Amino acid sequence: MKKILAIGASNSKQSINKTLATYVANKILDATVTIADLNELELPLFSPDLEAEKGIPKNAEKFLEMISNADGIVLSLAEYNSNVTPAFKNLCDWTSRLETKLWKNKPMFLMATSPGGRGGASVLKIMKEILPHLGGNIIADFSMPSFQQNFSANELTNNELKGDLERKIALFQKAI
């Protein structure tokens, strides 16, 4: 049985990206899903001085262990001002101090969603460029615009988006 790590890259308690990541991860056949909740992985703001003074926090080690234990990663990015959330960036900054290639070349399904019509397109574009430098092996990517209009009762309701998502899940499934 494959192990999937689902990450909604936001610390919002009602994160639509965590909802999307969990939904997609649970579509993977013959897999167990672990959900990384950024609220349970809180870290102080990264600083080289703080690292020198106190070392690397346990939550960065915990996150790296979650990645290490996974066969594949489903990551859905929240977009704040056209970029990643500060909580996710900070988590990556701390974790990369333990291992530069923190994503360990694990197959990754990269996504973004937002309440608006662009579906996190800016953050998706940025992270498609950055993640490979951190050991990200992006197999497929998916953008879902207008989350509240296209997702209801734990189901994707837009048939065109649903078909696209299913094709990309199949690609990811083959890679893990």
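The values are calculated or read from the model by the stated rules, or taken from the named source; none is laboratory data. The structure presented is a predicted model; accordingly, all values stated were derived computationally and were not measured. Cβ: placed from backbone, ideal geometry, glycine included. Neighbour counts: every protein chain shown.
The conditions of being in contact with a helix residue (DSSP H, G or I) (Cβ under 7 Å, 6 or more places away or on another chain) and either modelled with pLDDT under 95 or over 23 Å from Thr85 (Cβ atoms) (or both) are met by Thr157.
With respect to (1) touching a residue at least 24 places away in the same chain (Cβ under 8 Å); (2) out of contact with any strand residue (DSSP E or B) (no Cβ under 9 Å at 6 or more places or on another chain); (3) within 25 Å of Ala112 (Cα to Cα), the lone exception for Gly72 is condition (2).
Out of all the residues in the stretch 17-33, which are within 20 Å of Met144 (Cβ to Cβ), touching a residue at least 24 places away in the same chain (Cβ under 8 Å) and either assigned to a loop (DSSP other than H, G, I, E, B) or under 12 Å from the mean Cα position of the chain (by Cα) (or both)?
Once the filter is applied, which keeps residues that are within 20 Å of Met144 (Cβ to Cβ), touching a residue at least 24 places away in the same chain (Cβ under 8 Å) and either assigned to a loop (DSSP other than H, G, I, E, B) or under 12 Å from the mean Cα position of the chain (by Cα) (or both), the stretch 17-33 yields Asn17, Lys18, Thr19, Leu20, Ala21, Val24, Ala25, Lys27, Ile28.
Can you give me the number of residues within the stretch 126-164 that are polar (S, T, N, Q) and part of a helix (DSSP H, G or I)? Please lay out each step first, then the result.
First, pick out the residues of the stretch 126-164 that are polar (S, T, N, Q): 137, 143, 146, 148-150, 152, 154, 157-159.
Next, only the ones that are part of a helix (DSSP H, G or I) stay: 148-150, 159.
Qualifying residue count for the region: 4.
The condition of being in contact with a Phe, Trp or Tyr (Cβ under 6 Å, 6 or more places away or on another chain), under 28 Å from Pro44 (Cβ atoms) and β-branched (Val, Ile, Thr) holds for only one of Thr113, Thr85, Thr95, that being Thr95.
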